[in-house]
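Peer 1: Next up is a structure, given as structure tokens.
Derivation of every value follows stated rules applied to the coordinates shown; laboratory data play no part. Here the structure is a predicted model, which is why all the values come from computation and not from measurement. A quick note on method: Cβ atoms are made from the backbone with ideal geometry, for glycine too, and the neighbour counts reach across all protein chains shown.
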Amino acid sequence: MKQIVLFGAPAAGKGTLAGKIKKILPQIPHISTGDILRENKKNETPLGLKAKEYMDSGKLVPDELVIDMVEDRLKRDDVKNYGYLLDGFPRTLSQAEKLEEIAPAEVVLVLDVPRQELLNRVLGRISCPECNAIYNKFSIPPKKEGICDICGAKLVHRSDDTEETMNKRIDTYEENAGPVIRFYEEKGLVKHVDGTRTMHLTEKEIKSFLEIV
Ligand code: AMP
């Protein structure tokens with residue numbers, strides 16, 4: 001049982017690190033607010049329709065919508081039994097304060113990556129709409145071009161992965177990150193991870209970040 005928050009700019013490698021943590025804690029539910037919102041957008045649910053314009057322009061979806069969505073998700077039994085691996089939430093101080101009331105984080109991994117590296121990553125990023133696996137055309141290509149190695153679905157380029165939207169998303173991240181990181185630093189929960197080498201982190205290093213023996 002572990003309550004983990006992954007915090008970092010878009011394309012900082014939260015999904016990649018989540019995959020590595022899942023190998024160590026296979027039962028922990030990986031909850032990505034971006035994935036849940038994209039699913040809602042694809043299915044044109046009331047939430048998806050409300051979130052669409054914010055997401056497509058690189059802005060944050062309003063706190064009350066995201067908080068309700070996460071609160072619902074955290075009520076499920078898998079979270080009660082195994083904790084959570086939150087990816088992309090909290091992103092604002094209000095979200096962090098709310099999470100503290102519902103199910104407080106025990107460790108916050110902050111991924112640090114320079115802006116230029118983030119831009120390079122995102123322009124090559126392709127992902128699987130079925131199983132959410134992430135690839136990069138340049139650095140981590142799938143075995144067969146355009147096809148997911150894991151489930152065979154056709155890979156897609158996210159509609160918000162353009163240079164203009166990406167710069168806006170990094171600006172948004174930077175505006176909100178300071179207060180969230182300070183909130184958790186005051187609680188002594190922050191561990192900084194060098195996001196340029198997430199791919200190469202060993203199990204031992206990750207266990208030491210998570211304080212698991
Ligand atoms: P991500 O996949 O985490 O980069 O999220 C994609 C988009 O979903 C973001 O650019 C936001 O528009 C929205 N989003 C995801 N998580 C949150 C959150 N915690 N608060 C507000 N908006 C979010």
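Peer 1: How many percent of all Cα-Cα pairs in the stretch 40-85 sit more than 17 Å apart?
Peer 2: On the way: 440 of 1035 pairs.
Within the stretch 40-85, distances greater than 17 Å cover 43 percent of Cα pairs.
Peer 1: Net charge near Val213: determine it from the other residues with C-beta under 13 Å of the C-beta of Val213, scoring Lys and Arg +1 and Asp and Glu -1.
Peer 2: On the way: positive: Lys2, Lys204, Lys207; negative: Glu203, Glu211.
Local net charge: +1.
Peer 1: Using only the alpha carbons, work out the radius of gyration and Dmax of the stretch 7-117 in angstrom.
Peer 2: 14.1, 40
Peer 1: How large are Rg and Dmax for the stretch 97-205 when only the alpha carbon atoms are used, in Å?
Peer 2: That works out to 16.6, 47 Å for Rg and Dmax.
Peer 1: Lys/Arg Cβ at +1, Asp/Glu Cβ at -1, dipole of the stretch 58-119 taken about the Cα centre: which of Ala103, Tyr84, Val113 is farthest positive-ward?
Peer 2: Most positive-ward Cα: Val113.
Peer 1: Work out the length of the dipole vector of the chain about its Cα centre, built from +1 on the beta-carbon of each Lys and Arg and -1 on the beta-carbon of each Asp and Glu, and round it to the nearest 20 debye.
Peer 2: On the way: 33 positive and 35 negative charges, 157 e Å.
Its charge dipole is roughly 760 debye.
Peer 1: For the stretch 30-94, state which chymotrypsin sites (Phe, Trp or Tyr not before Pro) are in a DSSP loop and have at most 15 other beta carbons lying within 10 Å of their beta carbon.
Peer 2: Details: sites: Tyr54, Tyr82, Tyr84; in loops: none.
Sites meeting the loop and neighbour criteria: none at all.
Peer 1: When the Kirkwood radius is taken over all Cα pairs of the stretch 119-169, what Stokes-Einstein diffusion coefficient follows at 20 °C and 1.002 mPa s, in µm²/s?
Peer 2: Values: Rh = 11.1 Å.
After rounding, the answer is 193 µm²/s.
Peer 1: May I pose another question? Write out the GluC sites (Glu not before Pro) in the stretch 120-164 meeting two conditions: DSSP loop, and at most 16 other Cβ atoms within 10 Å of their Cβ. Please list the in-between numbers first.
Peer 2: Values: sites: Glu130, Glu145, Glu163, Glu164; in loops: Glu130, Glu145.
Here the GluC sites (Glu not before Pro) that fit, given the DSSP loop and packing criteria, are Glu130, Glu145.
Peer 1: Hey, got a sec? Which chymotrypsin sites (Phe, Trp or Tyr not before Pro) in the stretch 103-207 land in a DSSP loop and have at most 14 other Cβ atoms within 10 Å? Before the final figure, lay out each step's value.
Peer 2: Values: sites: Tyr135, Phe138, Tyr173, Phe183, Tyr184; in loops: Phe138.
Filter output for the stretch 103-207: Phe138.
Peer 1: Give me the base-10 log of I(q)/I(0) for the stretch 95-152 at each q in 0.19, 0.20 Å⁻¹, Debye formula, one uniform scatterer per Cα, rounded to two decimals.
Peer 2: -0.80, -0.81
Peer 1: Another question about this same structure. Return an integer: the convex hull volume of the alpha-carbon atoms of the chain, in Å³ per residue.
Peer 2: Values: hull volume 25.2 nm³, N = 213.
Dividing the Cα hull volume of the chain by its residue count gives 118 Å³.
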